[in-house]
Amino acid sequence: MTFKIAIIGAGSVGFTKKLCSDILTVPEFSNIEIALTDINAHNLEMVEQIISRIVKVNGLPTRVTATTDRRAALKDARYIMNVVRIGGLEAFADDIRIPLKYGVDQCVGDTICAGGIMYAQRGIPAILEFCKDIREVCEPGALLLNYANPMAMMTWAAIDHGGVNTVGLCHGVQNGHRQIAAALRVPMAEVDVVCSGINHQTWYLDIRHLGRKIPKAELLAAFEAHPAFSRQEKVRIDVLKRFGFYSTESNGHLSEYLPWYRKRPEEIQNWISMDDWIHGETGGYLRYTTENRNWFETDFPQFLAEADKPLSAYDRTDEHASHILEALETGRTYRGHFNIKNGGIIKNLPADCIIESPGFVDRFGINMVEGVTLPDACAATCNVSVSVQRMGMKAAVSGDVDLLKQAVLHDPLVGAICTPEEVWQMVDELLVAQAKWLPQYAHAIPAAIERLKTPKVKTRDWAGAARQQVRSVEDLRAGAKTKAAEGHGLGTKLMG
């Protein structure tokens, strides 16, 4: 087979390596072209070295190219993967820092909440530019596989306003599936799940071990008895108790999508764990990504040397991308959970929204399982977020400042903490701080600057309820050695 795959934002070093390694394990794909593109020439050159080394070591005829010219990378591509983070760590820091001044404490801030909504304002203009290029220079009918967050809003914009065949991909379902198996103390291969909802608020509606359905009481008991999960997943366990269904998302993620667990600073510590960033630490994902970037820059020669390992020793991951491409090209059926337009697939969510639900892929495309009805509490939670996503997506496309502020006002966590006046001022601050990534709001920035000269509400200098400092490369190395000696393999996890 000969076709071309383009990866936009390929400077996302660890993830690009994983995606390419997965793809290159498919025997029929040895003769394809992988085109890497990024605005950061330095990162792009490093990644190109790694992927080219993998190809060379394994004696593959695969062609690897790298260019900062996006249209050149996209030309004649059949598949496009979007893994960008518009604004990088600089804008991400603002997504966390500015809402903290108004009392909004986020762990991740990349889906909804103030940070996720602003992330969409930066990302959607970019993905619409990508879509224009895809329509003009890619193969007719090219498929865009969007990995970029905020998943729902980005995918929604690409479909409705970009005019490109798009599927959104995430690994939350797989990670939760893996965790459920661990809680039940059985191999993951023995556990089957049906999961449905919206991205990052997806619910395990049916869990079976060797065909036997696992009841809520058994699942709850397993998590409460687990020595680590009982401490690290307090929000998820509490939601399981009250809703009856387990959520895909980590404790830190889930806690910021709901209005109940991070609304009072003095109570946040009751619901999180500081074992690792993902369990609820203030700005945890920002710290994690900053540390990984610093480590990669320093230890690049080591990571390049790791590319010398043969693919025969590589375990293909459960990231969806390579499996989807394999199914579309070879006809070998693949079952996964995908983000697409609802259109009635989930009966009690809006038809226009982006849902995440089970589907099968073969040469006929991505075929979703229809007729799902979410439990009422799960649907209620999803519907609140869908309304925020819809407003946030429309604001990003139109540059409508009022609609943007209304989206943030209706966010569950922001609404639990902030007054309307605080929301209006917070959004003004975010717009001014991130103006260089927000072309659609250029007309509104001068007025926001003027309003901020005479602020109507007081803010505070607050690091959050559970903030940790970014560790040095030396600290990371020392920690990795300790964990490796204990058998935890943290070094592999950090680059994953």
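The values are calculated or read from the model by the stated rules, or taken from the named source; none is laboratory data. Just so it is clear, the structure is predicted and the values come from calculations on it, not from any experiment. Here the Cβ is made from the backbone with ideal geometry for all residues, glycine too, and neighbour counts use every protein chain on show. Note: accessible area is taken over every heavy atom of the protein model, side chains too, but ligands, DNA and RNA are not part of it. Shrake-Rupley method; radii C 1.70, N 1.55, O 1.52, S 1.80 Å.
Here are the numbers for this structure:
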{"read-out": "From the options VAL186, VAL193, VAL167, VAL173, residue that is under 22 Å from THR317 (Cα atoms), surrounded by fewer than 19 Cβ atoms within 10 Å (Cβ to Cβ) and either free of Cβ contacts under 8 Å to residues at least 60 places away in the same chain or not polar (S, T, N, Q) (or both)", "value": "VAL186"}
{"read-out": "Close pairs (6 angstrom Cβ cut-off, 6 or more residues apart or separate chains): within 16 Å of HIS410 (Cα to Cα) and among the aliphatic types (A, V, I, L, M) in segment 118-130, open to solvent by less than 10 Å² (accessible area, probe 1.4 Å) and at pLDDT 95 or above anywhere", "value": "MET118/ASP95; MET118/LEU430; ALA120/PRO150; ALA120/MET153; ALA120/GLY392; ALA120/ALA396"}
{"read-out": "Residue list for segment 286-314, restricted to those being in contact with a Ser or Thr (Cβ under 9 Å, 6 or more places away or on another chain) and not in a helix (DSSP H, G or I)", "value": "ALA307, TYR314"}
{"read-out": "Top-ranked residue in segment 414-456 [being open to solvent by 30 Å² or more (accessible area, probe 1.4 Å) and not in a helix (DSSP H, G or I); ranked as nearest to GLY115 (Cα to Cα)]", "value": "THR419"}
{"read-out": "Set PRO358, PRO350: member being open to solvent by less than 30 Å² (accessible area, probe 1.4 Å) and either in a loop (DSSP other than H, G, I, E, B) or closer than 18 Å to GLY172 by Cα (or both)", "value": "PRO358"}
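This table checks each residue for (1) in contact with a strand residue (DSSP E or B) (Cβ under 9 Å, 6 or more places away or on another chain); (2) open to solvent by 40 Å² or more (accessible area, probe 1.4 Å); (3) aliphatic (A, V, I, L, M).
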position	(1), (2), (3)
CYS378	yes, no, no
VAL386	yes, no, yes
GLN389	yes, no, no
LEU404	no, no, yes
ASP411	no, no, no
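Condition check ((1) of a type in the set (Phe, Trp, Tyr); (2) at pLDDT 95 or above; (3) open to solvent by 40 Å² or more (accessible area, probe 1.4 Å)) across all residues:
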residue	(1), (2), (3)
ARG236	no, yes, no
LYS241	no, yes, yes
GLY244	no, yes, no
LYS263	no, yes, yes
GLN269	no, yes, yes
ILE278	no, yes, yes
GLY284	no, yes, no
THR298	no, no, yes
ALA313	no, no, yes
